[in-house]
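Colleague: Handing you this structure, nothing more for now.
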Amino acid sequence: MNDDNGGFEPKIVGFLCNWCSYAGADLAGSSRLKYRPNVRVIRVMCSGRVDPLFVFKAFEKGADGVLIAGCHPGDCHYQCGNYKTMRRMHVMKKMLGQMGIDPERLRLEWVSAAESTRFVNIVNDMTETIRELGSSPMKSEADCDE
Amino acid sequence: MRVGVYVCHCGINIAKTVDVERVVKEISKMPNVVICRDYHYMCSDPGQELIKKDINRYGLNSIVIAACSPRMHFKTFQEALKSAKLNPYMLEMANIREQCSWVHDDVEEATKKAIALVKSAVAKAAQLEPLVENDSPVVPAALVIGGGIAGIQSALDIANAGFKVYLVEREPSIGGHMAQFDKTFPTLDCAACILTPKMVDVSRHRKIELLAYSEVDDVTGFIGNFHVKVRRKPRYVDEERCVACGDCATECRLFNRIDSEFDEGLGKRAAIYVPFPQAVPLKYTIDPERCLFLTRGKCGDSPKCVDVCDANAIEFDQEGRTVEFDVGTIVVATGYDSFDATKKPELMYDKLPNVINGLQYERFFAPNGPTGGELVMPDGTVPKKVVFVSCVGSRDKKVGNPYCSRICCMYSTKQAHLTKERVPDADVTVFYCDVRAFGKGYEEFYERVQEEGVKYRRGLVSEIYRDDDGKVHVRAEDTLLGEPIDLEADLVVLATGIVPKATTRSLAQKLHISHSPDGFLLEAHPKLRPVDTVTDGIFLAGCAQGPKDIPDTVAQAGAAAAHAIDILAKGKITIEPYNAVVNPDLCGGCRICEMLCPFDAHHYNEAKGVMEINDTLCKGCGVCGAGCPAGAITLNLFRNKQIICQIGAILDE
């Protein structure tokens with residue numbers, strides 16, 4: 001355990017696309033690579049499926065960070081979903097800033113089905129970044145509704 | 001909702017790092033959870049039986065399996081649900097193996113994460129809705145990309161099963177690299193004798209439409225219904241009229257003046273040519289980059305090929321054209337490139353004439369090669385001292401190729417044998433890193449060649465140089481004796497490895513399939529699905545997927561064909577109902593989703609003022625849902641509400 005920040009262990013929600021990044025994360029498992037347990041993954045079919053609402057809900061429900069990972073540009077299983085995600089990132093980061101949440105807490109990464117090591121490095125690096133930022137200023141309890 | 005949760009031990013794969021009993025205890029407390037159990041192997045027969053019995057006993061209507069990745073066993077458990085008469089989409093998996101127990105060492109941390117992941121799955125399971133699968137017809141035809149031995153084998157197998165095959169080859173002839181080889185290891189079969197009959201079978205097969213000298217431009221659609229655009233490059237020769245007499249080539253003003261690609265630059269050809277005498281289709285092609293008439297608009301007083309062609313087959317005004325067709329399935333068999341040895345400057349490949357690569361040496365032995373199968377150097381001498389250098393471009397991180405090319409040890413051994421056969425008193429040395437004689441009869445062949453007097457020395461070659469007398473030397477360190485060696489050589493053969501074809505990446509993007517870090521195309525599972533890709537209906541064969549020898553290539557090509565035939569023979573495929581749905585009460589008709597959809601699945605209903613989605617065209621990416629300002633679109637099995645509940649549960653501790 002890292003006690004640099006009072007033993008703070010960030011909670012990070014990861015939205016991984018089914019075709020590239022989720023497969024890359026699976027490969028890290030079958031290769032028995034080790035990484036920090038702070039990212040908890042929700043599988044989506046495409047990074048473009050990640051509604052900005054999901055990101056804000058995650059912060060509302062107590063996430064300290066959100067990771068979105070998809071196929072590399074040009075490799076999208078659905079041709080161009082990841083480009084849509086890329087464009088949404090700018091808006092989402094800006095909105096987070098306005099809400100008083102450091103935009104660094106939201107991260108978009110490209111991880112192919114073969115890039116298990118890249119996935120591991122991203123998880124570890126992001127965990128460290130969020131640990132340094134500390135707990136999210138926007139923790140609240142909210143109900144599970146649409 | 002009545003949810004049943006099953007936590008798998010996976011032997012010790014999960015149970016070693018995740019406290020399964022604690023997970024069960026925590027999850028049992030959740031609302032909606034009627035029963036929560038753990039079991040050693042959920043995917044086993046008794047494991048699946050357990051679920052089926054519980055569905056009936058407890059009236060479960062939604063199931064969570066906490067086990068391996070859903071990419072591994074989602075379909076397995078869907079079948080279990082089906083057999084218990086439960087809708088197969090009332091299932092959610094929590095990936096506590098690949099993304100939890102295998103990647104963490106600390107039991108406390110792993111258990112806490114596992115609980116969060118299962119909670120998230122239960123939250124989603126409580127929101128699941130039954131979905132109906134639809135069938136879609138399959139176009140009874142296949143596309144095979146690449147006409148080497150892999151593509152030829154796949155095309156013949158599929159065609160012999162009675163289905164139409166479009167075989168696309170970029171070069172003027174099919175045959176691929178195998179057509180360049182003289183003999184094949186370890187049996188020393190003549191490559192041409194076993195390959196050319198298959199090439200002829202392709203050209204004669206009623207079910208195969210051969211599109212040589214063509215390239216796949218675009219592929220759209222999905223399993224069962226791919227739409228393909230193929231660009232047919234102009235040969236400048238009418239294929240119908242050309243009788244392949246060859247008069248045009250011998251008369252061509254550039255006859256014997258252009259390096260032959262087929263002979264790896266050792267032989268010469270004309271500007272109008274067939275790559276090799278057994279080419280299929282046996283039709284001449286004009287090289288548009290070299291032909292005087294095509295590059296300068298003038299060839300003497302008149303092009304000689306036109307003058308001598310009795311069949312009037314030369315057509316300088318021919319233009320490329322695009323052909324379009326539909327297929328149900330695709331086999332990718334695009335092969336490999338030979339490693340470019342100039343990337344290892346210390347080996348002097350492009351500097352010294354008697355340093356050649358393995359594929360070039362192959363052409364020395366081939367009866368249809370530049371020397372007619374004789375082992376003579378361009379200066380007329382017979383090489384007496386021949387040195388092979390292994391692992392050129394393989395197992396070499398410096399050039400970015402950490403992998404073993406698998407074939408070089410054996411083809412060097414074969415070529416060493418052929419050298420001794422042609423020149424019995426030749427002094428033949430092979431510098432190797434490790435000899436990998438992995439196949440049937442390979443070790444025995446390697447032993448036989450050693451007995452024939454070929455010397456194997458374990459050592460990495462550090463440099464190749466020419467001394468003051470003009471003699472070529474190979475300098476290496478013998479790593480068994482621990483001493484430096486300096487060998488004089490009349491001929492040095494670099495056993496160049498296999499690299500992905502330069503065009504692999506762009507083809508992968510056209511087909512929406514992946515490639516591994518080494519650049520070869522990625523199979524869906526390295527052990528259990530070695531010929532599938534992650535895109536349903538697209539299969540891999542041969543070296544496009546990774547280095548392999550001819551027997552493995554032919555085996556994989558047959559397997560790819562069998563998978564393709566499986567789809568074609570069924571005649572219909574089940575479309576998974578992962579499609580987007582519009583709530584007409586919320587839709588404002590802004591049509592933003594229409595702009596976001598890459599598949600043109602959205603259309604605007606003018607009368608109702610709302611968007612509608614075509615289920616067949618929709619591929620279920622969900623991009624439209626994420627962009628809908630009214631929140632009117634959601635995605636089956638990944639509904640907004642389902643994901644939001646997952647978010648809440650995954651963060652709940």
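The values are calculated or read from the model by the stated rules, or taken from the named source; none is laboratory data. Just so it is clear, the structure is predicted and the values come from calculations on it, not from any experiment. Counting neighbours? That spans all protein chains shown, and the Cβs are built from the backbone with ideal geometry, glycine included.
Colleague: Return the residues of segment B:292-346 that are in contact with a Pro (Cβ under 7 Å, 6 or more places away or on another chain) and among the small types (Gly, Ala, Ser); say none if nothing qualifies.
Modeller: B:320, B:328
Colleague: Continuing with this model, one more query. May I ask you to list the residues in segment B:614-649 that are of a type outside the set (Gly, Ala, Ser), in contact with a strand residue (DSSP E or B) (Cβ under 8 Å, 6 or more places away or on another chain) and more than 8 Å from chain A (Cβ to nearest Cβ)?
Modeller: Once the filter is applied, which keeps residues that are of a type outside the set (Gly, Ala, Ser), in contact with a strand residue (DSSP E or B) (Cβ under 8 Å, 6 or more places away or on another chain) and more than 8 Å from chain A (Cβ to nearest Cβ), segment B:614-649 yields B:614, B:615, B:616, B:618, B:624, B:633, B:634, B:636.
Colleague: Being surrounded by fewer than 19 Cβ atoms within 10 Å (Cβ to Cβ), outside the structural domain of residue B:368 (by TED's automatic domain parsing) and either over 14 Å from residue B:308 (Cα atoms) or touching a residue at least 24 places away in the same chain (Cβ under 8 Å) (or both) narrows it down to one of B:281, B:277, so name that one. Steps first, answer last, please.
Modeller: Working: B:281 fails: surrounded by fewer than 19 Cβ atoms within 10 Å (Cβ to Cβ).
Going through B:281, B:277 in turn, the sole match is B:277.
Colleague: Are any residues in segment B:490-512 closer than 18 Å to residue B:431 by Cα, assigned to a strand (DSSP E or B) and in contact with a Ser or Thr (Cβ under 8 Å, 6 or more places away or on another chain), and if so, which ones? Break it down into steps so the answer makes sense when it comes.
Modeller: Taking segment B:490-512 first, the residues closer than 18 Å to residue B:431 by Cα are B:490-497.
The next check asks that each one be assigned to a strand (DSSP E or B); those that pass are B:491-496.
Selection gives B:493, B:495, B:496.
Colleague: Please enumerate the residues belonging to segment B:100-159 that are hydroxyl-bearing (Ser, Thr, Tyr) and assigned by TED's automatic domain parsing to the domain that holds residue B:64.
Modeller: Filtering segment B:100-159 for residues hydroxyl-bearing (Ser, Thr, Tyr) gives B:101, B:111, B:120, B:136, B:154.
Passing the criteria: B:101, B:111, B:120.
Colleague: Let me ask another. Return the pairs, sorted by first residue and then second, in which the second residue is part of a strand (DSSP E or B), the first residue lies in segment B:610-630 and is at positive phi, the beta carbons are less than 7 Å apart, and the residues are 6+ apart or on different chains.
Modeller: Sorted first by the residue in segment B:610-630, then by its partner, the pairs are B:620/B:580; B:620/B:635; B:622/A:44; B:622/B:580; B:622/B:635.
Colleague: Looking at B:295, B:285, B:250 in this structure, which one is under 30 Å from residue B:208 (Cβ atoms) and polar (S, T, N, Q)?
Modeller: Values: B:295 fails: under 30 Å from residue B:208 (Cβ atoms); B:250 fails: under 30 Å from residue B:208 (Cβ atoms).
The conditions single out B:285.
Colleague: For segment B:525-560, name all the residues that are in a loop (DSSP other than H, G, I, E, B), more than 9 Å from chain A (Cβ to nearest Cβ) and either in contact with a Lys or Arg (Cβ under 7 Å, 6 or more places away or on another chain) or crowded, with 19+ Cβ neighbours inside 10 Å (or both). Spell out the reasoning first.
Modeller: The initial filter retains those residues of segment B:525-560 that are in a loop (DSSP other than H, G, I, E, B), namely B:526-528, B:530-531, B:533-537, B:541, B:545-549.
Filter once more, keeping what is more than 9 Å from chain A (Cβ to nearest Cβ): B:527-528, B:530-531, B:533, B:536-537, B:541, B:545-549.
Hits for segment B:525-560 are B:531, B:533, B:537, B:541, B:545, B:546, B:547, B:548, B:549.
Colleague: Something else about it: Yes or no: segment B:79-94 includes at least one residue that is among the hydrophobic types (A, V, I, L, M, F, W, C) and within 30 Å of residue A:124 (Cα to Cα). Steps first, answer last, please.
Modeller: Quick first cut of segment B:79-94, residues among the hydrophobic types (A, V, I, L, M, F, W, C) only: B:80-81, B:84, B:86, B:90-91, B:93-94.
Still in the list and also within 30 Å of residue A:124 (Cα to Cα): B:93-94.
Yes - at least one qualifying residue is present in segment B:79-94.
Colleague: Within the group A:67, A:33, which residue is at the interface with chain B (Cβ under 7 Å from one of its Cβ atoms) and either touching a residue at least 40 places away in the same chain (Cβ under 8 Å) or surrounded by fewer than 24 Cβ atoms within 10 Å (Cβ to Cβ) (or both)?
Modeller: Working: A:67 fails: at the interface with chain B (Cβ under 7 Å from one of its Cβ atoms).
Going through A:67, A:33 in turn, the sole match is A:33.
Colleague: Please tell me if residue A:48 is facing chain B (nearest Cβ under 7 Å) and either under 20 Å from residue B:640 (Cα atoms) or touching a residue at least 24 places away in the same chain (Cβ under 8 Å) (or both).
Modeller: Values: facing chain B (nearest Cβ under 7 Å): yes; either under 20 Å from residue B:640 (Cα atoms) or touching a residue at least 24 places away in the same chain (Cβ under 8 Å) (or both): yes.
Judged against the criteria, residue A:48 is a match.
Colleague: How many of the residues making up segment B:339-365 are of a type in the set (Asp, Glu) and either over 15 Å from residue B:472 (Cβ atoms) or not assigned by TED's automatic domain parsing to the domain that holds residue B:396 (or both)? Before you say what the answer is, go through the steps one by one.
Modeller: Our first condition is that a residue be of a type in the set (Asp, Glu); within segment B:339-365, this holds for B:340, B:346, B:350, B:362.
Filter once more, so that each one left must be either over 15 Å from residue B:472 (Cβ atoms) or not assigned by TED's automatic domain parsing to the domain that holds residue B:396 (or both): B:340, B:362.
The qualifying residues number 2.
Colleague: Is one or more of the residues making up segment B:563-583 within 14 Å of chain A (Cβ to nearest Cβ), modelled with pLDDT of 90 or more and either closer than 21 Å to residue B:228 by Cα or under 12 Å from the mean Cα position of the chain (by Cα) (or both)?
Modeller: No, that holds for no residue.
Colleague: To continue, here is another question. Can you give me the number of residues within segment B:455-475 that are aliphatic (A, V, I, L, M) and surrounded by fewer than 23 Cβ atoms within 10 Å (Cβ to Cβ)? So that I can check it myself, show each step before the final result.
Modeller: We begin by selecting, within segment B:455-475, every residue aliphatic (A, V, I, L, M); these are B:460-461, B:464, B:472, B:474.
Retained after the next criterion (residues that are surrounded by fewer than 23 Cβ atoms within 10 Å (Cβ to Cβ)): B:460, B:472.
The total comes to 2.
Colleague: Search segment A:7-19 for residues being in contact with a Ser or Thr (Cβ under 9 Å, 6 or more places away or on another chain) and within 7 Å of another protein chain (Cβ to nearest Cβ), and hand back the single one that is surrounded by the fewest Cβ atoms within 10 Å (Cβ to Cβ). Give the derivation first.
Modeller: Of segment A:7-19, the ones in contact with a Ser or Thr (Cβ under 9 Å, 6 or more places away or on another chain) are A:8-12, A:14-17, A:19.
So of that shortlist, the ones also within 7 Å of another protein chain (Cβ to nearest Cβ) come out as A:11, A:19.
Numbers: A:11: 21, A:19: 27.
Once the filter is applied, the top-ranked residue is A:11.
Colleague: Being acidic (Asp, Glu) and within 16 Å of residue B:8 (Cα to Cα) narrows it down to one of B:54, B:105, so name that one.
Modeller: Working: B:105 fails: within 16 Å of residue B:8 (Cα to Cα).
It is B:54.
Colleague: Here is a follow-up. Does segment A:43-61 hold any residues that are in contact with a Ser or Thr (Cβ under 7 Å, 6 or more places away or on another chain) and surrounded by fewer than 24 Cβ atoms within 10 Å (Cβ to Cβ), and which are they?
Modeller: A:60
Colleague: If a residue has to be crowded, with 21+ Cβ neighbours inside 10 Å and either at the interface with chain A (Cβ under 8 Å from one of its Cβ atoms) or acidic (Asp, Glu) (or both) to count, how many in segment B:66-99 make the cut?
Modeller: So the count comes out to 7.
Colleague: When you check residue B:62 against the structure, is it touching a residue at least 40 places away in the same chain (Cβ under 8 Å) and more than 32 Å from the chain's Cα centre (by Cα), yes or no?
Modeller: On the way: touching a residue at least 40 places away in the same chain (Cβ under 8 Å): yes; more than 32 Å from the chain's Cα centre (by Cα): yes.
Here the answer is yes, as residue B:62 does meet what is asked.
Colleague: State whether one or more residues within segment A:94-107 are facing another protein chain (nearest Cβ under 7 Å), surrounded by fewer than 21 Cβ atoms within 10 Å (Cβ to Cβ) and not hydrophobic (A, V, I, L, M, F, W, C). Explain how you work it out, then say what you get.
Modeller: Of segment A:94-107, the ones facing another protein chain (nearest Cβ under 7 Å) are none.
Looking through segment A:94-107, none of the residues is facing another protein chain (nearest Cβ under 7 Å), surrounded by fewer than 21 Cβ atoms within 10 Å (Cβ to Cβ) and not hydrophobic (A, V, I, L, M, F, W, C).
Colleague: Name the pairs whose Cβ atoms lie under 7 Å apart, with the first residue in segment B:43-57 and in the same structural domain as residue B:9 (by TED's automatic domain parsing), the second part of a helix (DSSP H, G or I), and 6 or more positions between them or separate chains?
Modeller: Pairs that qualify, where the first residue is in the same structural domain as residue B:9 (by TED's automatic domain parsing) and the partner is part of a helix (DSSP H, G or I), are B:43/B:73; B:43/B:76; B:48/B:80; B:51/B:80; B:52/B:80; B:52/B:83.
Colleague: In the set B:307, B:259, which member is closer than 30 Å to residue B:191 by Cα, over 25 Å from the mean Cα position of the chain (by Cα), of a type outside the set (Lys, Arg) and surrounded by fewer than 15 Cβ atoms within 10 Å (Cβ to Cβ)? Give the derivation first.
Modeller: Numbers: B:307 fails: closer than 30 Å to residue B:191 by Cα.
Every option except B:259 fails the conditions.
Colleague: Scanning for something at pLDDT below 95 and either in contact with a Cys (Cβ under 8 Å, 6 or more places away or on another chain) or crowded, with 20+ Cβ neighbours inside 10 Å (or both), does segment B:492-501 turn up at least one residue? Break it down into steps so the answer makes sense when it comes.
Modeller: Here is the first cut: in segment B:492-501, the ones at pLDDT below 95 are none.
No.
Colleague: Answer yes or no: is there a residue in segment B:475-484 that is under 24 Å from the mean Cα position of the chain (by Cα) and not assigned by TED's automatic domain parsing to the domain that holds residue B:221.
Modeller: Filtering segment B:475-484 down to residues under 24 Å from the mean Cα position of the chain (by Cα) leaves none.
Looking through segment B:475-484, none of the residues is under 24 Å from the mean Cα position of the chain (by Cα) and not assigned by TED's automatic domain parsing to the domain that holds residue B:221.
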